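Okay, so here's the structure we're looking at.
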Amino acid sequence: MELSKNFEPGSIEEKWTLHWKSKRYFNSTPDDRKAFTVVIPPPNVTGVLHMGHTLNETVQDILVRKARMSGFNACWVPGSDHASIATEAKVVQMLKEKGIDKNKIGREEFLKYAFEWKEKYGGIIYNQIERLGCSVDWDRVSFTMDDHYYKAVIKVFVDLYNKGLIYRGARMINWDPAAKTALSDEEVEYKELQGKLYYVKYFVADASGKPTKDFISIATQRPETIMGDTAVCVHPDDERYAYLKGKKVIVPLVNRVVPVIFDEYVDKEFGTGALKITPAHDINDYNLGLKHNLETIDTLNPDGTMSEAAQVFVGLDRFEARKKAIEKLKADGLLIKEEEYTTRLGFSQRTNAVVEPRISTQWFVKMKPLAEKALHAVLSGDVKIHPEERFLATYKYWLENVKDWCISRQLWWGQRIPAWYDEAGKFVVAGNEKEAKSKFKSQNLKLEGQLRQDDDVLDTWFSSWLWPIEVFDGITQPNNKDINYYYPTSVLVTGQDIIFFWVARMIMAGMEYMNEKPFSDVYFTGMVRDKQGRKMSKSLGNSPDLLDLIDRYGADAVRFGIMISSPAGNDLLFDDSSCDQGRNFNNKIWNALKLVKMWEGRQSTVDSQQTTENFAIDWFENRLNEAKSQIESLYKDFRLSEALKTIYSLIWDDFCSWYLEWVKPGFEQPIEKPVYEKTVYFFEELMLLLHPFMPFITEEVYHHLKERQLNDDLCIRQSTNVQDTRIISLKLGEKLKQLISSFREATRMLNMKNVPILSLSIHEQAFGDNTSIYDIIKKQLNVPQIDLGNLKSNTQITSSSTTTTTTITFPIGNYQVKIETEQEIDKSSQREKLLKDLEYQKGFLISVEKKLGNERFVQNAKPEVIEIEKKKKADAEAKIKAIEESLASL
C-alpha cells in the first residue's frame, strides 16, 4: 500500500474510533485483574467543551491508556452534570426567545424543555470526547439527573437530615439577583474594583424626632441601601461621639428615626468612625442587629430591584436606584463629598451578577463533622495531591475554616428537596409523599390540609459530591459487584478551581458513605490561558473551538499541543502553534515509517551474529531502555508533560535524526535482515511509548510496520519491561553524535560544506576498536579514510595550508580531530562568516541579559522559563568564545 505524502488524520481517526468501539476494548467488567478506575469530572450540559476540558480529558486518557497497556482492568466512566443555575438560565433564555414564560408553563413542562436541552448539548459534549480519542466506557455514561442518581441524592439528604447534619433556618446568605437563587460561599468570586465612597449627613434628632443642626458624617459605598438603615454605630471609647449616648439620628431619603448604638466592632480610625447599620444587606450589620435587637428592613426584591419596604425608588434596579439616591442626596444638601475607593466586590460564578447579602430561609449542611475525616484522609497521605507543594496548604486551610454549606437553590432544574409541609407550615423530611405522611403520624404531628413538597432544588454540587460512588450505584445498591470492584477509584484529574466545590466534598461523601477515600491520587491541571496570559473564556472570544482544531490539525496534534506545554498544576499558555508542532511531529513519524517501509523489500540475509556487533542497534537499545526508565518515573510523579517531551526527543532526535541515519543502507544497497527487523521492533516500542499521548497515529503506524494477527492492536498491547541500561554504550553514542555535529559545525563555519575530505584523524582512545562506529563515521561524514593517533587536547578550530593539502583541527570532547583536504581554504570568506556569526551571537546575548536583568520578569516567570533563559545565555557565551578563538587562529 502506497503511503500518503503526509499523515492525514481525518479518515484514520474515524477508522480507528469505529474499530476500537466495535471490539469493545474500552468496556470494562470486573475480573481477576487489578482495577484502574477513573471517573470523568462531569462537564456541564450548557454548551461545548473548552480548552480546559480538552486538557483534563487528554490527561485522563493518557493515564487510562497507560494503565490498560500495563495490565490493569482500566475503567473510565464518562458523564455530565445538570448544572442547575447555568442550565436553567440557558433554558429560560431559550424559552424567552420563543416567547414562552417559564412561570406560565409550570414546573413539569419546563423540565421537559430542560431535558431536551440536556439531550442536545450532552450529545455534543460526548461527540467531542470521542473525537479527541478518549478511551471511555460508553456503556457506563452517567448523568446527575438519571433516575438512580436522583434517588441517591434524595437518600443522602434524608440520611444527613436524620443524623442532624442538615438543618433549615434563616441566615444571611449570598443571593444572585440574576438567577434569583441562593449561592454557597464558594460560588462567589471576589474582584478588586475602583468604586466610590459617598459621605452623607445623618442629622441628630431632638426629643420629638425633628432634625437638629447637628449631624454625623457617614461614608457608604452603597447609597441605595440607606433606606434599610435601622441604626448608626460608633465605638464606645470614641470621645467625638460620647455626646450621642441615648440619642437618635434621622436616616436620609426616608426620614426614619433610628438609635445610635455603641459597639467595639467599629474601627475608630477608619473613615469617620461612624457606621450606618443595615441588617438586611450586610453580614456584619446582620450580626450587630441580632446583638442589639435591631429591626431588619429588606429593601431589595429577589431580582435586585427596590422593594416596597424601600419606600423610594420602588421597582428600580439597585444600580439605577444608586444613581437616583446620589442625585436626591445632592438635591437635599446631604451629600458632603465623593471619594475614589478601592473595594472588593463579590460576583456570582455562574451569572457574573453582583451578589447581594440577603437574609433568607435556606437548607444547610453542617460541615465541620464531615470535614474532619476529609482533612485526615489527605494529611495522612491516604489521598495524595499532585502537585502537593501548590495545593495541600490551600486544601488544609479551607477545611480547617469551613463554614456550613447552603445547599438549597430557588430553581426548578435539579433534585427537589424532599421536605413536605402541611398547610400550617409544619414539615418532615422524607423520600416521598407516602413516607412523609407516615412520618407525620410517627412524630405525633397533626397533619393539617394537603402536603406540599418544598419548591427548591439542591445545589448541583450536592449531587456531584456522590459521583465516584453513584456512577457504580453505590448509594442506591450498596455492596453491589461494581462498587466493590471499582471503588475507591485510582486517580481524579480535575482543575484547581474546584478543589473546594468538588474535591474536598467528594472525600467527605466517600468517608461518610463508603468509610473509605473516593480516590488515591488527585492530579490538578493548570489553567489554560492564551498567549497574552488571559484565561480562555467565551466572553473574551479567545478560546478556540475544539472540533475546529481537530478538523485542522487532527486529534493527536491537538493532544500533543496542549500536553507539551502543560507542567502539572501550572497554568499553560496555549495557541495554535502548539498544534502545529504536533502536526509536524506526526509528519516526522510518518516520514520515518515511509523510509523504513522502503527498506522492507531490500533485505539481505546475513548471519544474525553481525547484528550484535552493530553499534547503532546496541546504542539505541540502551537509549530506549534509559528513556523507558525515565518515562516510568515521570508517570509515577504525574509529570506527564515531561514524559511527552522525553518521548518526543527520543523519537525525533535519537531515532529519526541519529539511529535511522546510522543504519540506513547506501544508495540502492540492501539492508541486513536482522538490522531491518530490529528497526521495526524499535519503531513498535516507540509507538507503545507514545500511544497514550497520541493514539491514532501510533495505532496506524503499528499496523503498517508489519502484518498483524486478528486482535493484535496497539491499544490493548502490553508494555514491555524496562531492561538494564549499559552506560558505556550511551556514552559512546553521545561522543559519536558530538563528533558528527562538531564536524558539521566546523565545516559550516569554515565554509567547507562541499569540500572533499581526504582523511579524518581521531584520537585512538576515542572509540576503541569498535569498527562499527568507524563505519558510521565514514558514511555519515563521507570520509574515505580514518586514521587513529595520539592527538593532543585543544580548544579551538585551527587551519594550516601547504602547496598540496589543508589541515583543519577542531575539539571533540577531550581530543582534537584533524581533517585533511587537497582544496585550499578561503580564509577571507571564513573570517567574514565568523564575524557575521559573532555579531549575531553578541546581539542575542545582550537581549537575553536584558531579560534576566529585568526584576519584574525574574519575579513573575516560572522557574523553568528562567532556567531556559540562563541556558540560552550560557550557550551564547560558549559560542562567542569558540568563534573568537577561531578568528584568532585565522
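The values are calculated or read from the model by the stated rules, or taken from the named source; none is laboratory data. This one's a predicted model, so the numbers in the text were calculated from it and none came from an experiment. Neighbour counts are summed over all protein chains in view; Cβ atoms, including those assigned to glycine, are modelled from backbone coordinates with ideal geometry. Note: accessible area is taken over every heavy atom of the protein model, side chains too, but ligands, DNA and RNA are not part of it. Shrake-Rupley method; radii C 1.70, N 1.55, O 1.52, S 1.80 Å.
Is at least one residue of segment 69-92 more than 30 Å from the chain's Cα centre (by Cα), surrounded by fewer than 16 Cβ atoms within 10 Å (Cβ to Cβ) and of a type outside the set (A, V, I, L, M)?
No; the residues of segment 69-92 include none that is more than 30 Å from the chain's Cα centre (by Cα), surrounded by fewer than 16 Cβ atoms within 10 Å (Cβ to Cβ) and of a type outside the set (A, V, I, L, M).
Take segment 279-309 and flag every residue that is open to solvent by less than 70 Å² (accessible area, probe 1.4 Å) and more than 20 Å from residue 173 (Cα to Cα).
292
What are the residues in segment 394-426 that are of a type in the set (Phe, Trp, Tyr) and either closer than 30 Å to residue 376 by Cα or at pLDDT below 95 (or both), if any?
Within segment 394-426, 395, 397, 398, 405 qualify.
Anything in segment 94-124 that is part of a loop (DSSP other than H, G, I, E, B), touching a helix residue (DSSP H, G or I) at 6+ places or on another chain (Cβ under 9 Å) and exposed (fewer than 13 other Cβ atoms within 10 Å of the Cβ)? List them, or say none.
The answer is 101, and nothing else.
Do we have any residue at all in segment 441-452 that's open to solvent by less than 10 Å² (accessible area, probe 1.4 Å) and among the small types (Gly, Ala, Ser)?
Checking segment 441-452: not a single residue is open to solvent by less than 10 Å² (accessible area, probe 1.4 Å) and among the small types (Gly, Ala, Ser).
When you scan segment 146-201, how many residues do you find that are under 30 Å from residue 90 (Cβ atoms) and basic (Lys, Arg)?
Within segment 146-201, residues that are under 30 Å from residue 90 (Cβ atoms) and basic (Lys, Arg) number 6.
So, in segment 61-112, of the ones that are out of contact with any Asp or Glu (no Cβ under 8 Å at 6 or more places or on another chain) and of a type in the set (Ser, Thr, Tyr), which residue ends up nearest to residue 462 (Cα to Cα)?
That would be 80.
Could you pull out the residue among 834, 890, 845 that is aliphatic (A, V, I, L, M) and at pLDDT 85 or above?
845
Given the criteria among the small types (Gly, Ala, Ser), within 19 Å of residue 299 (Cβ to Cβ) and touching a residue at least 40 places away in the same chain (Cβ under 8 Å), does residue 280 qualify?
Considered against the rule, which asks whether it is among the small types (Gly, Ala, Ser), within 19 Å of residue 299 (Cβ to Cβ) and touching a residue at least 40 places away in the same chain (Cβ under 8 Å), residue 280 comes out as yes.
Kindly indicate the residue of segment 174-187 that is open to solvent by less than 10 Å² (accessible area, probe 1.4 Å) and either among the β-branched types (Val, Ile, Thr) or under 20 Å from residue 502 (Cα atoms) (or both) and also nearest to the chain's Cα centre (by Cα) among those meeting that condition.
The selected residue is 187.
Can residue 507 be described as hydrophobic (A, V, I, L, M, F, W, C) and either open to solvent by 30 Å² or more (accessible area, probe 1.4 Å) or not in a loop (DSSP other than H, G, I, E, B) (or both)?
yes
Please report, ordered by residue number, the helices (runs of 4 or more DSSP H) entirely within segment 612-674 with at least 3 residues that are under 30 Å from residue 58 (Cβ atoms) and not aliphatic (A, V, I, L, M).
615-636, 640-649
Let me confirm something: among 33, 68, which residue is within 30 Å of residue 585 (Cβ to Cβ) and either charged (D, E, K, R) or in a helix (DSSP H, G or I) (or both)?
Just a single option satisfies the conditions, and that option is 68.
Select from segment 202-225 the residues that are among the aliphatic types (A, V, I, L, M) and in contact with a Lys or Arg (Cβ under 7 Å, 6 or more places away or on another chain) and write down the one among them that is surrounded by the most Cβ atoms within 10 Å (Cβ to Cβ).
So the residue we want is 218.
So for segment 512-521 (the condition being outside any helix (DSSP H, G or I) and aromatic (Phe, Trp, Tyr)), does at least one residue qualify?
Checked against the condition, which is being outside any helix (DSSP H, G or I) and aromatic (Phe, Trp, Tyr), segment 512-521 yields at least one hit.
For residue 699, which of the numbered conditions (1) touching a helix residue (DSSP H, G or I) at 6+ places or on another chain (Cβ under 6 Å); (2) surrounded by fewer than 15 Cβ atoms within 10 Å (Cβ to Cβ) fails to hold?
Condition (2) is where residue 699 drops out.
Those residues that are closer than 16 Å to residue 155 by Cβ, outside any helix (DSSP H, G or I) and among the small types (Gly, Ala, Ser), I need them from segment 439-479; list them, please.
474
The rows are residues; the columns are (1) open to solvent by less than 50 Å² (accessible area, probe 1.4 Å); (2) more than 30 Å from residue 785 (Cβ to Cβ); (3) at pLDDT 75 or above; (4) among the basic types (Lys, Arg).
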| site | (1), (2), (3), (4) |
| --- | --- |
| 798 | yes, no, no, no |
| 808 | yes, no, no, no |
| 821 | yes, no, yes, no |
| 825 | yes, no, no, no |
| 840 | no, yes, yes, no |
| 877 | no, yes, yes, no |
| 881 | no, yes, yes, yes |
| 884 | no, yes, yes, no |
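Residue under question is residue 322, and the condition is that it be open to solvent by 40 Å² or more (accessible area, probe 1.4 Å) and more than 30 Å from residue 255 (Cα to Cα); does it hold?
no
Kindly establish whether residue 143 is touching a Lys or Arg at 6+ places or on another chain (Cβ under 9 Å), at pLDDT 95 or above, hydrophobic (A, V, I, L, M, F, W, C) and open to solvent by 50 Å² or more (accessible area, probe 1.4 Å).
no
Any residue at all in segment 714-724 that's acidic (Asp, Glu), exposed (fewer than 15 other Cβ atoms within 10 Å of the Cβ), over 13 Å from residue 596 (Cα atoms) and touching a residue at least 60 places away in the same chain (Cβ under 8 Å)?
Checked segment 714-724: at least one residue is acidic (Asp, Glu), exposed (fewer than 15 other Cβ atoms within 10 Å of the Cβ), over 13 Å from residue 596 (Cα atoms) and touching a residue at least 60 places away in the same chain (Cβ under 8 Å).
Please specify each residue of segment 461-473 satisfying the condition of being over 12 Å from residue 149 (Cβ atoms) and either without any contact (Cβ under 8 Å) to a residue 40 or more places away in the chain or open to solvent by 10 Å² or more (accessible area, probe 1.4 Å) (or both).
Answer for segment 461-473, where residues must be over 12 Å from residue 149 (Cβ atoms) and either without any contact (Cβ under 8 Å) to a residue 40 or more places away in the chain or open to solvent by 10 Å² or more (accessible area, probe 1.4 Å) (or both): just 461.
Looking at the structure I just gave you, is residue 483 open to solvent by less than 10 Å² (accessible area, probe 1.4 Å), part of a helix (DSSP H, G or I), closer than 20 Å to residue 38 by Cβ and out of contact with any Pro (no Cβ under 7 Å at 6 or more places or on another chain)?
yes
Among residues belonging to segment 855-875 that are assigned to a helix (DSSP H, G or I) and of a type in the set (A, V, I, L, M), point out the one that is most open to solvent (accessible area, probe 1.4 Å).
Residue satisfying both the conditions and the ranking: 868.
Just checking, does segment 725-742 include any residue being under 30 Å from residue 24 (Cα atoms) and acidic (Asp, Glu)?
No: segment 725-742 contains no residue that is under 30 Å from residue 24 (Cα atoms) and acidic (Asp, Glu).
Could you tell me whether segment 95-115 includes any residue that is touching a strand residue (DSSP E or B) at 6+ places or on another chain (Cβ under 7 Å) and either aromatic (Phe, Trp, Tyr) or at positive phi (or both)?
No: zero hits.
Name the single residue, out of those in segment 113-133 being in contact with an Asp or Glu (Cβ under 9 Å, 6 or more places away or on another chain) and hydrophobic (A, V, I, L, M, F, W, C), that is nearest to residue 555 (Cα to Cα).
Among them, the one singled out is 132.
Return the residues of segment 125-139 that are in a helix (DSSP H, G or I) and either closer than 12 Å to residue 42 by Cβ or open to solvent by less than 10 Å² (accessible area, probe 1.4 Å) (or both); say none if nothing qualifies.
Scanning segment 125-139 gives 125, 126, 128, 129.
Could you please let me know if residue 476 is within 27 Å of the chain's Cα centre (by Cα), among the polar types (S, T, N, Q) and under 25 Å from residue 148 (Cα atoms)?
no
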